[in-house]
1. Residues being out of contact with any Lys or Arg (no Cβ under 7 Å at 6 or more places or on another chain) and either within 19 Å of Phe187 (Cβ to Cβ) or among the hydrophobic types (A, V, I, L, M, F, W, C) (or both): count how many of those fall in region 281-311.
2. Among the residues of region 282-294, what is the count of those that are over 22 Å from Val241 (Cβ atoms) and outside any loop (DSSP other than H, G, I, E, B)?
3. What's the number of the condition Arg98 fails, among (1) touching a Phe, Trp or Tyr at 6+ places or on another chain (Cβ under 8 Å); (2) open to solvent by less than 70 Å² (accessible area, probe 1.4 Å); (3) under 25 Å from Ala124 (Cβ atoms)?
4. May I ask you to verify whether Ile39 is on the phi < 0 side of the Ramachandran plot, in a helix (DSSP H, G or I) and open to solvent by less than 80 Å² (accessible area, probe 1.4 Å)?
5. With Thr151, Thr71 as the choices, which residue is free of Cβ contacts under 8 Å to residues at least 24 places away in the same chain, over 30 Å from Leu305 (Cα atoms) and surrounded by fewer than 16 Cβ atoms within 10 Å (Cβ to Cβ)?
6. With the requirement that a residue be of a type in the set (Val, Ile, Thr), surrounded by fewer than 16 Cβ atoms within 10 Å (Cβ to Cβ) and in a helix (DSSP H, G or I), what does region 250-281 give you?
Amino acid sequence: MTRGIFSKPDPISAANFYKRAADCYKQCGENRLERLHRIAGGDCQLGQDAYATAAQEYGRAAELAEASDETLARKRQEVHKLNLDAANAWNQMGERGRAAEATMRAAFGLVMGEDPSKSMDPKALAAVEEAIESYVPDPLNRRRDYRRTGTSAYADPVNAESMTSAATLELARRNLVNDSHAHETLFKAGQELIKRRHLESALYAHGAGTAVLESEGFATVSLSRAYLSETVLTLALGDAVAASNDFQRVHLQRTSYLSSRECALAEDLVRACDAMDEEALEEATSRGGPHRAALANLDPEVRALAGEVRACGRAGGKRTKKKKKVEEVAVPRAPAAAARATAPPKKKEVSGEELLQDTDAGFAEMDDIMNQMGLDDDDNEEEEEEDDDEIDLT
């Protein structure tokens, strides 16, 4: 690559030699030297408009930087820079899908080695949202209002309605990345954002994935799952009104979604939150409930978030069942003297002779009463016999 009297730099030959040297260092296990030669080879290829080869060299150098022994801060910086160089090379070639994928790797390179449950740095979050827009332009993303950082590349600071103009929408459709498995990358980014509790940005990512699936024009299970994920994330943000409006005005307008298991679960979740019914919400999201099949189809992070949805307010922690406390009514003890006074008297033991006398006295008393009423049977019989004697039979 030096200039002489009878020679000039030859980037093509240099790129080949750099690649051969990098392969040799790979056999020797020299991470740093291989990485340096990959970068040098990529620069030479990029200068000669060999964009695909340059992007591959930059991508390989980024992988080596991630596995290097450098400090964590330096590794993050190198991975971010090399993946952006690869994305630039792919863009120069017109490969928007591969460029967007490299941009997404560059964004998550800034949080490499961090605790997955820790919140992202604002710079890293901005890079992730820019990578999401590289897949789906904001004019095509219904969830663009949930973007937390930066501004859209399609926004005009002077004209606020430029996002919805016909020219902007046409430009956005041409730049939409609808390659195979593009939506899966966006949903994975959404899961990472849910882990770090960036729910608004996660909904922004899921909205982009839904736009990719809708652009294909096919009714698939992935689209139903995407609609349900949007509903869960909106309810987790505590916005039951927006979830209900999107469910009725957007999701139900697709006929294939009406008969899906995901639609039934989304409907029960929206109804439970509208009615502020914690019991119905618990039944809808229970693992043994009627919607266990739809829950099993969701991504793990979205499924866990569905269990944290509350009837009012943002999602936060697992729901706990409220146990009704039964208040014990204290009964005052009566004094001993009052208890003895109100106690029933003890029965006196009666002997056989006393019982016979009492029985005879009772019968005698009954006879006296019947005699007074003229109902004595013995007197009537004597009167009838006297009347029979007085009859003259001759």
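The values are calculated or read from the model by the stated rules, or taken from the named source; none is laboratory data. Keep in mind that what you see is a predicted model, and the values were worked out from it rather than measured. Quick reminder, even Gly has a Cβ in these numbers, built from the backbone with ideal geometry, and neighbours come from all protein chains shown. With ligands, DNA and RNA removed, areas are computed over all heavy atoms of the protein, side chains included. Shrake-Rupley method; radii C 1.70, N 1.55, O 1.52, S 1.80 Å.
1. 12
2. Total satisfying the criteria: 4.
3. (2)
4. Criteria met by Ile39.
5. Checking each option against the conditions leaves just Thr71.
6. Correct list: Thr255 only.
So that you can scan it fast, the table gives a plain yes or no per residue for (1) touching a Cys at 6+ places or on another chain (Cβ under 6 Å); (2) crowded, with 20+ Cβ neighbours inside 10 Å; (3) of a type in the set (Ser, Thr, Tyr):
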{"site": "Cys44", "(1), (2), (3)": "no, yes, no"}
{"site": "Tyr58", "(1), (2), (3)": "no, yes, yes"}
{"site": "Glu66", "(1), (2), (3)": "no, no, no"}
{"site": "Asn83", "(1), (2), (3)": "no, yes, no"}
{"site": "Ala86", "(1), (2), (3)": "no, yes, no"}
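Every residue, every condition in (1) closer than 23 Å to Arg292 by Cβ; (2) free of Cβ contacts under 8 Å to residues at least 12 places away in the same chain; (3) open to solvent by 60 Å² or more (accessible area, probe 1.4 Å); (4) not hydrophobic (A, V, I, L, M, F, W, C), yes or no:
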| residue | (1), (2), (3), (4) |
| --- | --- |
| Ser201 | no, no, no, yes |
| Ala211 | no, no, no, no |
| Glu214 | no, yes, no, yes |
| Ser222 | yes, no, no, yes |
| Leu228 | yes, no, no, no |
| Leu235 | yes, no, no, no |
| Val241 | no, yes, yes, no |
| Ser244 | no, no, no, yes |
| Gln248 | no, yes, yes, yes |
